[in-house]
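No lab work stands behind these numbers, since they all come straight from the coordinates. Just so it is clear, the structure is predicted and the values come from calculations on it, not from any experiment. Using ideal geometry, Cβ is built from the backbone for each residue, glycine included, and neighbour counts are taken over all protein chains shown.
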């Protein structure tokens with residue numbers, strides 16, 4: 001642990017990919033904090049007061065100041081606790097812009113498609129969501145290939161193939177890895193339920209390797225929710241959606 | 001002008017609120033650049049090559065490196081050209097987080113509602129969009145009130161009511177002002193077309209004053225598109241939507 005930060009509290013929900021991002025960032029930076037699990041059916045007074053605009057988790061409260069929205073929180077952690085652990089965003093302005101571009105892509109394109117694929121009420125919408133999610137993952141695979149190639153053009157890396165960087169952040173997991181990594185528990189649960197591979201090792205070898213590398217990091221293992229518990233939750237949610245769709249028909 | 005930057009080119013479209021944000025930021029920071037108007041019906045090879053994922057404007061190309069997505073570009077401008085003009089984001093990590101929160105709110109909540117209100121095909125969707133846009137503007141009005149109050153709790157400001165800060169960025173227009181300000185030309189055109197006030201001076205006095213202050217800045221006037229030309233464009237677009245809706249019926 002790089003250190004405890006006084007008066008740092010995270011309001012979360014164990015199954016939320018957005019909360020997981022914050023837990024991943026704090027874990028990777030080695031920052032300790034108090035965690036409070038919210039019951040989103042009965043939100044706490046503290047949550048409602050801390051995020052009056054959206055009433056949503058995650059909220060990170062630092063010295064009484066609430067920070068909301070997972071991507072905003074990640075950047076806050078990087079800027080407020082710069083001394084602790086590795087930097088999440090690179091130092092170079094252009095590399096920061098590239099990381100923020102992929103963060104926005106995951107948030108606006110991949111997450112939307114995955115949600116449509118998982119939680120739509122009609123089969124047609126699900127199929128379309130799946131198609132868009134696969135297209136988005138192929139785009140990320142190409143991005144990872146470029147990052148990997150970029151590193152290999154460096155003569156030092158060329159002479160050591162094993163030093164090839166497996167992360168979006170290069171040597172270590174950074175901002176983009178954490179944002180994509182927040183989705184990993186849900187992806188593993190969906191894979192277990194449907195018996196499919198989200199990151200096909202043949203068509204998406206770099207993403208498949210990324211998921212294995214990232215998922216095996218001690219800092220990641222320490223905060224990943226239990227996949228079997230997620231499967232249970234997802235099955236309940238799917239049953240509810242099916243019941244609602246049947247009632248609507 | 002704080003200065004010319006070598007090899008800086010913006011690919012844009014004169015009517016795009018996202019492009020306007022970038023022009024506002026560069027104008028406020030006093031950075032000169034080459035502007036290239038794109039015909040989005042016939043996109044240039046340079047645009048397609050520079051933004052292969054989205055094929056959209058704005059793209060800022062600096063020293064051959066393309067930066068895409070307006071919010072990413074604004075942060076790039078702030079970080080890469082830190083020496084030029086005023087900083088767009090505050091220095092304090094918590095104030096930066098607050099600015100990023102409102103930026104995300106404008107992007108995810110206000111812009112979506114405004115688009116629904118303006119470009120939906122059915123009257124019901126338009127009414128719902130209008131309702132949501134008004135709610136979002138009321139939330140921004142409250143945010144501006146808090147910012148204004150916060151400043152007035154400072155004894156120096158209390159003694160000089162005229163020194164009350166009218167911008168989201170406080171003393172000068174910053175990140176949030178630019179993101180909201182990018183919408184201002186479109187808002188003025190809609191007001192002219194519909195004969196309504198988007199920022200009601202009675203219910204939204206601070207936003208109405210903000211729009212007047214921001215719109216009157218020299219750096220803003222210099223890059224604002226012509227409202228009557230926008231009205232013409234919007235009327236053509238509305239006629240097309242109406243024709244499509246009539247055909248669909």
### Message
I need to check one value: relative contact order of chain B, counting alpha carbon pairs closer than 8 Å and at least 6 residues apart, in percent.
### Response
19
### Message
Per-residue Cβ counts within 10 Å, from other chains only, averaged over B:62-72: what number is that?
### Response
4
### Summary
If one builds a Gaussian network model of chain B from Cα atoms under 10 Å apart, the most fluctuating residue listed among B:82, B:170, B:186 is B:82
### Query
Using only helices, what value at 222 nm comes out for the protein assembly as shown when you add -39,500 (n - 2.57) per DSSP H run of length 4 or more and divide by the total residues, to the nearest 500 deg cm²/dmol?
-17500 deg cm²/dmol
### Task
Please build a GNM for chain A, connecting alpha carbons under 10 Å apart, and tell me which residue among A:141, A:69, A:37 fluctuates the most.
A:37
## Note on the structure
Shielding of A:87-100 by other chains, given as the mean Cβ count within 10 Å, works out to 4
### Message
Counting just the Cα atoms, what span does region A:93-230 cover along each of its three principal axes? Round to the nearest Å and put the largest first.
### Response
51, 29, 29
### Task
List B:49, B:188 from most exposed to least, where exposure is judged by having the fewest other Cβ atoms within 10 Å.
B:49, B:188
### Task
Please report A:95, A:232 as a ranked list, fewest other C-beta atoms within 10 angstrom at the top and most at the bottom.
A:232, A:95
### Task
Could you work out the mean count of beta carbons from other protein chains within 10 Å of each residue's beta carbon in B:75-83?
3
### Task
Among A:77, B:31, B:241, rank each residue by its count of other Cβ atoms within 10 Å, from fewest to most, as a rough exposure measure.
B:241, B:31, A:77
### Rule-of-thumb Rg ratio for the protein assembly as shown [Cα; 2.2 N^0.38 Å; N residues]
1.01
### Query
Say we join alpha carbon atoms closer than 10 Å with springs in a Gaussian network model of chain A; which of A:83, A:129, A:12 then has the biggest fluctuation?
A:83
#### Entry: Globularity ratio of chain B, using Cα Rg and 2.2 N^0.38 Å
1.05
